[in-house]
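The values are calculated or read from the model by the stated rules, or taken from the named source; none is laboratory data. Because the structure is a prediction, the values reported are computed rather than measured. For neighbour counting, all protein chains shown are included, and Cβ atoms are generated from backbone atoms with ideal geometry for every residue, glycine included. Calculation scope for accessible area: heavy atoms of the full protein, side chains included, ligands and nucleic acids excluded. Shrake-Rupley method; radii C 1.70, N 1.55, O 1.52, S 1.80 Å.
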Amino acid sequence: MDGVAVAVSLIACLLVVGGLITGLVILQRRQERRRLASLQHWAFTNDWRLVPHPNVDWANRLPGRNRRGVTLALTGPLWGRRASVADYSYTESTSTSSPDGNGGTTHGTQTTTHSYTVLVVHLERPSPYLGIQPRGVLSKWGRALFGTGTALGHERFDKDFRVVGEPGASPYRLQPALLAAHVDGAAPPWTLVGTDLLTFRPGRLGDPASIPQLLGPLFRVADLLTGQVAIR
């Protein structure tokens, strides 16, 4: 009788857990449908387009380099230029191990999905690969100890940032005002390939009303690169 009671209790627990998981999945799907409807409405009212799985080549400049990671993009006019905002993600797998209770070890795999919002301003003239990125710890040590790494003669900029790509081959020049904007925290890290000036931030795109605010700092970079101030 005790065995039957235990079995019944176990089945009841499994049903409850299964119901909770199903309810969570349904809730997440509803939230995603509401989010997509909100993005579509914003795109329609602002003369933008929502494109599922757009054909873009941004993956090499994003964490994880997932070629299929851009699942949707919104593109349209803003402040006299074209801009895009996109969802991007990649999944990272790590090996895990834990005691199995019998003196052995159980091995498994844990997966983590990382999500980002990609922000792009489309410039008029194409450029070879160019960008400004924050220095990592090793890069800072190398510069401090051995003087290695690109230096532009702007001490505060050179200490914390580095130039990537081919600045000499680009039609855009890294003006002192742009370097100062990075030092002052007014410009995000960015890369430019072709006409796509790109940056990204953690987390998926939420409220579409925040799109102009999210793009604002990258537009500042575009203004300082091109010498043409967008009307905002």
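The condition (being under 13 Å from L205 (Cβ atoms), part of a strand (DSSP E or B) and not hydroxyl-bearing (S, T, Y)) is satisfied by just one residue among L50, L36: L50. Looking only at residues in the range 146-191 that are modelled with pLDDT of 90 or more and among the aromatic types (F, W, Y), the one that is surrounded by the fewest Cβ atoms within 10 Å (Cβ to Cβ) is Y172.
Yes or no: Q28 open to solvent by 60 Å² or more (accessible area, probe 1.4 Å), outside any strand (DSSP E or B) and modelled with pLDDT of 95 or more?
In short, no.
Residues in the range 72-82 that are surrounded by 14 or more Cβ atoms within 10 Å (Cβ to Cβ) and farther than 13 Å from T117 by Cα: 6 in all. Taken over the range 47-71, the criterion of being buried (at least 16 other Cβ atoms within 10 Å of the Cβ) and more than 13 Å from the chain's Cα centre (by Cα) is satisfied by W48, L50, V51, P54, V56. Any residue in the range 159-184 that's among the charged types (D, E, K, R): show its pairings with residues that are at pLDDT below 95 and part of a loop (DSSP other than H, G, I, E, B) at Cβ separation under 8 Å, as long as the two are six or more apart or on different chains. Close Cβ pairs (under 8 Å, with a partner that is at pLDDT below 95 and part of a loop (DSSP other than H, G, I, E, B)) amount to K159/R135; D160/R135; R162/R135; R162/G149; R162/T150.
Results for (1) in contact with a helix residue (DSSP H, G or I) (Cβ under 9 Å, 6 or more places away or on another chain); (2) at pLDDT 95 or above; (3) closer than 25 Å to T112 by Cα; (4) not in a loop (DSSP other than H, G, I, E, B), shown as yes or no for each residue.
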position	(1), (2), (3), (4)
V193	yes, yes, no, yes
L197	yes, yes, no, yes
R201	yes, yes, yes, yes
R204	yes, no, yes, no
L218	no, yes, no, yes
L224	yes, yes, no, yes
Q228	yes, no, no, no
I231	no, no, no, no
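Check off (1) more than 30 Å from R35 (Cα to Cα); (2) touching a residue at least 60 places away in the same chain (Cβ under 8 Å) for T195 and give me the number that stays unchecked. The number of the failed condition is (1).
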